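First comes the structure, then the notes that go with it.
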Amino acid sequence: MRTIRTILAFALCTLSLSAWSQDDLRLSERSLTGTARFVGMSGAMSAIGGDPSSVLLNPAGLGLYRRSEVLLTFDGMFDATRQAGTERTHARNLFMIPHASAVFSLPTVAPTEKGVQFHNIMLSYNRVQSYNREMYGTATDGPSLGALLTTADVNWDIPFCTDSHYASNSLILRENGYVNEYALDWAMNISNRWYVGAGLHMQSYLLSADATYLEIFPSMNAEGRYYSNTNQTTLLFSGASFNLSLGMLYRPIPWLRFGLGMQTASVGSVNTYSTGSLRAQTDSLRVSNAPDLRPPSRAFHMPWRTTASVALQVGAYGMLAFQYDFAHQSGDNLHTLRAGLEVVPVLGLYINAGYAFESPFDKRQFVVPMDNTFDRQDTYFHQLRWTQYASFAIGYRGTHMMVQAAYQYRWQRLNLYAHENAMPYDMNTNTHRIVITIGWHRYY
């Protein structure tokens, strides 16, 4: 009974950790990355299994392995972001190794197909998010940051323009960093019909963001210069967390599979470093620096994630899969729909295609609220509106070697805000991704 009470207390503590904030929202973002096969099917593989990246969503898929395998994936990402209605585009390129895995398949001594057929273990590294974006937004007029600071009674001990008139403004934001996941997963095959699995995952976070916000007022000082505010900030997050995953896969008949997986909330701690400077053109140019902010580590938790999928197998010629993913955090929900196709025209040749649509975490704004205790200058935030993925892959699997290449196109729409009273900049992000996976496997 004491053990049960301890488990319940831990669960309640997990659910009541730090408030869901803009900081946590940034760290919870996930991209559709992984092996070339997984990318080519837009992640619709929870019911298919047999792929290291699908194991992160549903560890039961590891039970379908009948071979030991080592895979390594290379990724080239080409990102371009543009404000709607403008021609100014900011492009960023990134080359990385987003995935490496080793699967150890251990067959049991079973005289028939009844009972446990395989115990499989996988060690893997996965880059589940890459922050590689530069956004630039501009507007001819908008509510003043200085007026907001005065209204909110924020005292940075920095002189700034408080003119309540609307000001022309611009914001440039650069983000870099990653979320890496290190996983130990296990699964077993029961009678080639039931597959169950579990995993222990650890995440490491690093996100740096530099922003410059400029607003120019329509009035001039005695020297004939326009009043203005320039807010420059640097923000750095680093931390680590861990979670558990559970999954099952059921194959009632040879051509039909059902998959169900769950990842618990990732529980951990994060450190924040923040600094900034505000330059105000008033009677004369005044410059003041905000002190470095180094608060102690704080606890935080990432969303619960679940996935449900179905796959239809057409003999040895391919598979069709549909999948629904759901993430939940503090009353906010994220929904993802995926569809994937795998065709095997000849033995050893695999062709994949996929599509995915992802909603935001509801539609309310995750603002950076300001009051008289606000001790950070990063007033900006962004709200994702939706993400779409379309992908294609082709690969070859031989007796011992395999190679596969995939292309992915990602289209995102989001609103970028300079501060909580600002009008949003309408941003379009287009990302082209080339993924190549090579590997070695050994059949029993």
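Looking across Leu384, Leu337, one residue alone is surrounded by 15 or more Cβ atoms within 10 Å (Cβ to Cβ), at pLDDT 95 or above and out of contact with any Gly (no Cβ under 9 Å at 6 or more places or on another chain). It is Leu337.
Matching residues to (1) touching a Ser or Thr at 6+ places or on another chain (Cβ under 8 Å); (2) hydroxyl-bearing (Ser, Thr, Tyr):
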residue: Glu87; (1), (2): no, no
residue: Thr112; (1), (2): no, yes
residue: Ile121; (1), (2): no, no
residue: Tyr125; (1), (2): yes, yes
residue: Asp141; (1), (2): yes, no
residue: Ser144; (1), (2): yes, yes
residue: Thr151; (1), (2): no, yes
residue: Val154; (1), (2): no, no
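Selection within region 175-215: residues that are among the polar types (S, T, N, Q) and under 25 Å from Leu64 (Cβ atoms). The member of this set that is nearest to the chain's Cα centre (by Cα) is Asn189. When the test is whether a residue is touching a helix residue (DSSP H, G or I) at 6+ places or on another chain (Cβ under 6 Å) and at pLDDT 95 or above, Gly61 passes it. Within region 112-122, if we keep just the residues that are within 22 Å of Arg442 (Cα to Cα) and either out of contact with any helix residue (DSSP H, G or I) (no Cβ under 6 Å at 6 or more places or on another chain) or among the β-branched types (Val, Ile, Thr) (or both), the residue that is surrounded by the most Cβ atoms within 10 Å (Cβ to Cβ) turns out to be Phe118.
When the residues of region 395-432 are filtered to those that are at pLDDT 95 or above and touching a helix residue (DSSP H, G or I) at 6+ places or on another chain (Cβ under 7 Å), the one that is nearest to Pro360 (Cα to Cα) is Gln408.
Conditions (1) within 21 Å of Phe95 (Cα to Cα); (2) surrounded by fewer than 16 Cβ atoms within 10 Å (Cβ to Cβ); (3) aliphatic (A, V, I, L, M); (4) in contact with a Pro (Cβ under 8 Å, 6 or more places away or on another chain), marked per residue:
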position: Leu171; (1), (2), (3), (4): no, no, yes, no
position: Tyr178; (1), (2), (3), (4): yes, no, no, no
position: Tyr195; (1), (2), (3), (4): no, no, no, no
position: Met202; (1), (2), (3), (4): no, yes, yes, no
position: Tyr205; (1), (2), (3), (4): yes, no, no, no
position: Phe217; (1), (2), (3), (4): no, no, no, no
position: Arg225; (1), (2), (3), (4): no, yes, no, no
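The strands (runs of 3 or more DSSP E) found wholly in region 178-270 and carrying at least 2 residues that are closer than 30 Å to Ala167 by Cα, in contact (Cβ under 8 Å) with a residue 60 or more places away in the chain and polar (S, T, N, Q) occupy 226-253.
For region 6-22, the condition holds for no residue, the condition being that it is of a type in the set (Gly, Ala, Ser), modelled with pLDDT of 90 or more and in contact with a strand residue (DSSP E or B) (Cβ under 7 Å, 6 or more places away or on another chain).
Of the listed requirements (1) over 18 Å from His201 (Cβ atoms); (2) of a type in the set (A, V, I, L, M, F, W, C); (3) in contact with a helix residue (DSSP H, G or I) (Cβ under 6 Å, 6 or more places away or on another chain), Ala44 misses just one: (3).
The values are calculated or read from the model by the stated rules, or taken from the named source; none is laboratory data. Being a predicted model, the structure only gives us computed values, none of them experimental. Backbone-built Cβ (ideal geometry, glycine too); neighbour counts: all protein chains shown.
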